[in-house]
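The values are calculated or read from the model by the stated rules, or taken from the named source; none is laboratory data. Keep in mind the model is a prediction, meaning the values are calculated, not measured. A quick note on method: Cβ atoms are made from the backbone with ideal geometry, for glycine too, and the neighbour counts reach across all protein chains shown.
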Amino acid sequence: MFLYFLLICQSMELEFSFLNDTEQQMTNVIMNAEQQSFIKRLDDLGKILSVNFQSEDESSQFCSTFYQGVTIHQSPSGFISLVHELAKKDIDELSDDDLYRGYNEKLSAYAVNPEGISIISSKGRVYFIDTNSKNLSIINQTLPLSNDNQQTTQLIFDEKSRYFYAFLNDNNQVVKYQFLNNEIQHKPVSGWTKPNDKFRVIASNGILYSAQESQGLFIYEIQQHGFRLITTITAKDLYDSDSDQFKIVDVAVSDDKLYILDHYHGITQFQIRSTNMTFVKNGKLGLIKYSDCKSFSVRGSTIILIQNYQSNSEIIELFIQGDDYVEMRKIYTKSQLRRADILDDDFAIVRGLHDHKIMLIQMPDQYLDQDAKRLDNYFFSGNLLGVNKFGNTNDTLFAISPHGFYIFVYRAYPTIIICNSNDIDSGLYSANVSIKSTDCDKKTDKTNSLQYCITNHVYNFEIKKPLLSPEQQQYTIYLTIILISIILLLIGCILFHCRSYQIKLETLERSKKKRNFRPPSKSEA
């Protein structure tokens with residue numbers, strides 16, 4: 001029998017649905033002296049939300065669930081330094097400028113295009129790493145318009161013009177560049193005025209978005225020789241009234257949707273109409289209300305929002321579909337976090353000041369087992385500007401630090417059920433197992449991220465254990481050897497005494513024969 005039912009979220013209108021396969025899948029397991037453990041990998045069920053054992057005997061006690069996760073290891077190539085190349089030279093060969101650059105230069109920003117990653121340093125040195133080639137190729141040039149007093153604050157890539165744009169804050173200048181035949185081609189860009197507040201810029205499909213805190217969101221068209229201001233989104237556009245507390249700290253674009261993050265109020269979505277370059281607020285979705293917002297990341301329907309407080313942070317995962325949204329997870333951490341890098345539909349790396357965490361996504365908090373809720377601490381400790389997938393591979397990460405970059409290899413491991421019969425008596429045991437997961441054979445619409453599965457299993461255990469435990473068997477062997485030795489010793493003693501007694505009897509018989517023997521007389525002779 002196959003049952004379909006809906007579980008309705010308590011808010012935000014969206015619904016979680018579960019496909020409940022009531023047909024129980026039987027598994028018979030024999031565990032004996034040679035096979036004392038049973039291991040079941042749940043590879044074909046996607047991500048596991050929970051595994052629930054129910055039994056009237058002890059079977060639920062000797063089975064444990066170890067939930068899925070991701071392991072990350074540094075590749076053999078290790079850390080590749082970029083700005084500390086001068087440290088490898090003899091100090092007598094370095095000029096004063098070299099010494100200053102070597103000890104003060106840091107990587108400040110990066111941007112990704114289909115061919116690779118460009119990184120720019122605080123001294124205007126530009127790097128391009130071809131991540132699609134088998135052998136890692138690194139090109140470095142220096143922007144002629146930079147000088148030692150400039151600090152590069154932002155770097156973006158526009159897929160429409162195919163240029164990188166570097167924002168140089170000390171001279172209010174923007175420089176666009178690209179690499180052709182291993183050479184950098186650069187041009188100054190007009191139409192840009194440096195914001196008075198902190199700002200964050202992104203580019204998408206020929207449009208530049210500049211979040212400038214209390215000044216609002218400035219939207220530019222990227223033209224051949226410069227930027228043309230299209231519009232400015234202020235508090236009145238977001239909330240239909242002028243707000244005293246208004247601070248746009250982040251902006252993101254996904255498909256034809258524009259997302260704006262206000263530090264005080266939360267997230268607002270706009271529809272991008274590229275034909276006439278207009279932006280229409282989604283009034284049906286409304287304001288996604290959160291406060292103390294630090295940053296957010298958007299990939300498809302997933303949003304990961306970071307809220308920062310005095311000494312801790314909160315991670316909030318949202319799922320948006322149409323004009324509705326649902327809060328998937330809310331995770332409190334004791335450390336300050338910066339931003340989440342959503343790497344695919346399964347996991348993200350949440351970057352902090354010096355520690356970073358691995359977070360599995362699209363797993364609703366209310367259905368998660370307690371052991372599956374925890375965040376894995378990312379083993380790397382240090383400042384990271386960002387983490388991206390490396391080229392076209394599915395198992396390599398590219399992590400950029402202020403002084404170079406790391407290449408990591410990551411592996412996703414599935415949920416595993418392990419049953420061990422070491423401490424269980426011989427007998428027959430049975431357990432009903434209910435598994436909630438993101439995928440199953442019955443799920444035909446694999447694109448429905450809010451549809452989950454419940455599969456039911458019955459595990460029948462037949463445990464055949466020897467009468468004695470291995471330790472008892474070892475003690476028994478030792479004792480048997482000792483007893484046999486004692487018995488052999490006793491038998492030897494008995495045989496020795498028997499032989500001694502026999503020898504004494506033989507000696508006594510010979511003595512009697514000698515006493516009774518009389519030689520014949522002469523008359524008889």
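A few points about this structure:
- Residue that is of a type in the set (D, E, K, R), at pLDDT below 85 and surrounded by fewer than 13 Cβ atoms within 10 Å (Cβ to Cβ), where the choices are K464, K504, K446: K504
Yes or no, residue by residue, for (1) over 30 Å from L136 (Cα atoms); (2) modelled with pLDDT under 90; (3) within 27 Å of the chain's Cα centre (by Cα):
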{"position": "A412", "(1), (2), (3)": "no, yes, yes"}
{"position": "N422", "(1), (2), (3)": "yes, yes, no"}
{"position": "S426", "(1), (2), (3)": "yes, yes, no"}
{"position": "Y429", "(1), (2), (3)": "yes, yes, no"}
{"position": "Y452", "(1), (2), (3)": "yes, no, yes"}
{"position": "T455", "(1), (2), (3)": "yes, no, yes"}
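- Of the residues making up the range 17-45, those that are among the polar types (S, T, N, Q) and at pLDDT 85 or above are S17, N20, Q24, Q25, T27, N28, S37.
- Restricting attention to the range 370-387, the residues that are touching a Leu at 6+ places or on another chain (Cβ under 7 Å) and modelled with pLDDT of 90 or more total 2.
- Complete set of residues in the range 403-436 that are farther than 20 Å from I72 by Cβ, surrounded by fewer than 19 Cβ atoms within 10 Å (Cβ to Cβ) and touching a strand residue (DSSP E or B) at 6+ places or on another chain (Cβ under 7 Å): I418, N420, S426, G427, L428, S430, N432, S434
- Residues of the range 216-242 that turn out to be of a type in the set (V, I, T) and surrounded by fewer than 20 Cβ atoms within 10 Å (Cβ to Cβ), as a count: 4
- So I48, is it modelled with pLDDT of 90 or more, surrounded by 14 or more Cβ atoms within 10 Å (Cβ to Cβ) and either among the β-branched types (V, I, T) or over 25 Å from Q366 (Cα atoms) (or both): yes
- Residue-level analysis places L483 outside the set of residues that are at pLDDT 85 or above, over 60 Å from the mean Cα position of the chain (by Cα) and in a helix (DSSP H, G or I).
- The condition (being of a type in the set (A, V, I, L, M), at pLDDT 90 or above and in contact with a helix residue (DSSP H, G or I) (Cβ under 7 Å, 6 or more places away or on another chain)) is satisfied by just one residue among I418, I435: I435.
- Test: residue in the range 177-186 that is assigned to a loop (DSSP other than H, G, I, E, B) and either under 17 Å from I120 (Cα atoms) or in contact with a Gly (Cβ under 7 Å, 6 or more places away or on another chain) (or both): yes
- If only residues of the range 243-266 that are among the aliphatic types (A, V, I, L, M) and touching a residue at least 40 places away in the same chain (Cβ under 8 Å) are counted, the one that is surrounded by the fewest Cβ atoms within 10 Å (Cβ to Cβ) is V253.
- Taking the range 304-344 as the range and being outside any strand (DSSP E or B) and farther than 17 Å from K357 by Cα as the test, the residues that pass are Y309, Q310, G322, D323.
- Selection of first residues in the range 53-66 that are in the same structural domain as V458 (by TED's automatic domain parsing) and of second residues that are assigned to a strand (DSSP E or B) and among the charged types (D, E, K, R), restricted to Cβ pairs under 8 Å at least 6 apart or on distinct chains, gives an empty result.
- Residue within the range 406-422 that is free of Cβ contacts under 8 Å to residues at least 40 places away in the same chain, part of a strand (DSSP E or B), of a type in the set (A, V, I, L, M, F, W, C) and not assigned by TED's automatic domain parsing to the domain that holds L19 present: no
- Tabulated pairs, the range 272-284, first more than 17 Å from T232 (Cα to Cα), second among the small types (G, A, S) and assigned to a loop (DSSP other than H, G, I, E, B), C-beta under 9 angstrom, 6+ apart or interchain: K284/G322
- Qualifying residue in the range 204-212 (condition: closer than 19 Å to A111 by Cβ and exposed (fewer than 15 other Cβ atoms within 10 Å of the Cβ)): yes
- Enumeration of residues in the range 124-144 that are in a loop (DSSP other than H, G, I, E, B) and farther than 18 Å from V83 by Cβ: T131, N132, S133, K134, N135, P144
- Wholly within the range 187-286, strands (runs of 3 or more DSSP E) carrying at least 3 residues that are farther than 29 Å from N308 by Cβ and of a type outside the set (D, E): 227-233
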